[in-house]
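Some notes on the structure that comes next.
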Amino acid sequence: MDGAERKRGVRARQEPQAPRSTMKDGKVKEDTVPDRVTLKKEIGLLSACTIIIGNIIGSGIFISPKGVLEHSGSVGLALVVWVLGGGIAALGSLCYAELGVTIPKSGGDYSYVTEIFGGLVGFLLLWSAVLIMYPTTLAVIALTFSNYVLQPAFPNCVPPYMATRMLSATCIIFLTWVNCFSVRLATRIQDIFTVGKLLALGLIIAVGLLQIYKGNYEGLTPQIAFEFYKTPSVGQIALAFLQASFAFSGWNFLNYVTEEVVDPRRNLPRAIYISIPLVTFVYTLTNIAYFSSMSPEELLSSNAVAVTFGEKLLGMFSTIMPISVALSTFGGINGYLFTSSRLCFSGAREGHLPSLLAMIHCKSCTPIPALLVCCTATIVIMCIGETHNLINYVSFINYLSYGVTIAGLLYYRWKKPNLYRPIKVSLLVPLCYLLFWALLLGFSLHSEPVVCGVGLVIMLTGVPVYFLGVHWKDKPKCIYDFIEWATYLGQRVFFVVFPHIDPTETATPTEWTDKSSITSKASGPV
């Protein structure tokens, strides 16, 4: 590399100069740029809980009851699936709490798998998440939002295709701007809308309990609840669990923003312990409320379960339901954007994605390039086809990544037994989760080989991309020149730089949490 190229390479990594503006008296004023540009720790315990609850309670509880009932074959078994789904999410979240405080890095599953198993396995998880998993989930939630908002304007028909897409895209673009502008504003929106969605589900639960109090609980008695209108196979029950898992997906999302949590070793596990039982309790009561007021036939024939519930029981106030669901999904979109963008940020920081995605804005300290990638991918997925057909693919990839990550917890204990772990769950917790995980994926492969096969193919397409884009170091000079030029251009356009690094936050776990090193220091000469 000659002198000019070296100068340009260094310049691409320098912080952009603070923009200047002229005051009325002719003096030049420089806009304020923080002395230390880094991700801000602005997520306290309340915001941590609302991130988990807000990401779990999106559109799933308003979409999945139909799928769970359809595959389980009876009301009673459907309720059992919902309770067990929450229990499995609780087991998984306990394992993630241990991983989150042992490897305190943002990026969740991806960061843990990369640390434990190496670059290829981590990249495959990152590839499937960025390519299909999170854009598809965001698209589904956004389309649910637009359908519920437009439903009152089109009471007797499905809202127009273009109208739903345009409203969904507008919502995603607006929330992307909010997340680019301020972390504090994004978390405040998350707090407010999480409370709103809990109030909406609280209304459904209250109306359902009122029906039970009036004596309308015949469909919930064991004799009727466990009457199968069709006998489900084991594979169908596995698919019912996959549908429920879509409603519970998001329980691990706080781990994606660990570096922005205030005192993560204390608040991350606390938030998990509070949020998962609360969501499981609310989901179970919501389904009991549905079944207390709707027959299985009514629920299966409904495309919007909450709206049908409201029309049947709330009368002239039935418009509350679509508004409440819209608010719930709006908060879900915000939460998914906030956390999934940190996955792109972490991937770029590890060298698995373009380095521009690892940069943050000089003043707002938000990962603007990563947010724009998430926004663009979601809009593309939303426009190319029927995203609801991808829910099973997403659920399969989700469960696959969960299992690999929790298997990594066991391997990491064997690989580094002396590593200090502030939280260390019983071995029964990951073993029980992995047993259920293996059974679920096995039966899913047997009953839906095409769906699971497509999910595996999507993940494995990342293998050649990894070897060409990451592992291959001796690329032609023209490729490196283009990457350098594009990075420099992106820095100028978005006013972003690499965040400052605190050495105490980047030390590997062995360097500061190994029991043997602590013991040797303590027993050394004074």
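Starting from region 465-485, keep only residues that are of a type outside the set (A, V, I, L, M, F, W, C), then list their pairs with residues that are loosely packed, with under 11 Cβ neighbours inside 10 Å and part of a helix (DSSP H, G or I) whose Cβ atoms are within a distance under 9 Å, requiring at least 6 positions of separation or different chains.
Lys475/Leu468
Hey, any hits in region 142-160 for a residue that's modelled with pLDDT of 85 or more and within 16 Å of the chain's Cα centre (by Cα)?
yes
Do we have Thr137 as modelled with pLDDT under 85, polar (S, T, N, Q) and either buried (at least 24 other Cβ atoms within 10 Å of the Cβ) or over 18 Å from the mean Cα position of the chain (by Cα) (or both) here?
Working: modelled with pLDDT under 85: yes; polar (S, T, N, Q): yes; either buried (at least 24 other Cβ atoms within 10 Å of the Cβ) or over 18 Å from the mean Cα position of the chain (by Cα) (or both): yes.
The answer is yes for Thr137.
Let me confirm something: among Leu254, Leu300, Leu268, Leu242, which residue is in contact with a strand residue (DSSP E or B) (Cβ under 9 Å, 6 or more places away or on another chain) and either of a type in the set (Ser, Thr, Tyr) or within 23 Å of Val394 (Cα to Cα) (or both)?
Values: Leu300 fails: in contact with a strand residue (DSSP E or B) (Cβ under 9 Å, 6 or more places away or on another chain); Leu268 fails: either of a type in the set (Ser, Thr, Tyr) or within 23 Å of Val394 (Cα to Cα) (or both); Leu242 fails: in contact with a strand residue (DSSP E or B) (Cβ under 9 Å, 6 or more places away or on another chain).
Only one candidate qualifies: Leu254.
Within region 219-231, does at least one residue satisfy the condition of being in a loop (DSSP other than H, G, I, E, B) and touching a Pro at 6+ places or on another chain (Cβ under 7 Å)?
First, pick out the residues of region 219-231 that are in a loop (DSSP other than H, G, I, E, B): 221, 226-231.
Those still in the list that are touching a Pro at 6+ places or on another chain (Cβ under 7 Å) too: 229.
Yes, because at least one residue in region 219-231 is in a loop (DSSP other than H, G, I, E, B) and touching a Pro at 6+ places or on another chain (Cβ under 7 Å).
What helices (runs of 4 or more DSSP H), lying completely within region 252-325, carry at least 2 residues that are buried (at least 16 other Cβ atoms within 10 Å of the Cβ) and of a type in the set (Ser, Thr, Tyr)?
On the way: elements: 264-293, 296-301, 305-313.
Those helices (runs of 4 or more DSSP H) span 264-293.
Out of region 176-216, which residues are open to solvent by less than 30 Å² (accessible area, probe 1.4 Å) and either among the charged types (D, E, K, R) or not in a helix (DSSP H, G or I) (or both)?
The answer is Ser182, Asp191, Lys197, Gly215.
Does Lys24 meet the test of being touching a Pro at 6+ places or on another chain (Cβ under 9 Å), open to solvent by 30 Å² or more (accessible area, probe 1.4 Å) and either of a type in the set (S, T, N, Q) or modelled with pLDDT under 90 (or both)? Spell out how you get there, then give the answer.
On the way: touching a Pro at 6+ places or on another chain (Cβ under 9 Å): no; open to solvent by 30 Å² or more (accessible area, probe 1.4 Å): yes; either of a type in the set (S, T, N, Q) or modelled with pLDDT under 90 (or both): yes.
In short, no.
(1) modelled with pLDDT of 90 or more; (2) crowded, with 24+ Cβ neighbours inside 10 Å; (3) under 17 Å from Val305 (Cα atoms): which one isn't true of Leu79, the others all being true?
For Leu79, the failing item is (2).
Would you please name the residue that is least open to solvent (accessible area, probe 1.4 Å), looking only at residues in region 424-443 that are in contact with a Ser or Thr (Cβ under 9 Å, 6 or more places away or on another chain) and either under 17 Å from Gly235 (Cβ atoms) or at pLDDT below 85 (or both)? Give the steps one after another, and end with the answer.
Here is the first cut: in region 424-443, the ones in contact with a Ser or Thr (Cβ under 9 Å, 6 or more places away or on another chain) are 424, 440, 443.
Now narrow it down to the ones that are either under 17 Å from Gly235 (Cβ atoms) or at pLDDT below 85 (or both): 440, 443.
Values: Leu440: 7, Phe443: 85 Å².
The qualifying residue least open to solvent (accessible area, probe 1.4 Å) is Leu440.
The values are calculated or read from the model by the stated rules, or taken from the named source; none is laboratory data. These numbers come from a predicted model, not from an experiment. Here Cβ is always computed from backbone atoms with ideal geometry, including for glycine, and neighbour counts include all displayed protein chains. Remember, those area values only see protein heavy atoms, side chains included, never the ligands or the DNA or RNA. Shrake-Rupley method; radii C 1.70, N 1.55, O 1.52, S 1.80 Å.
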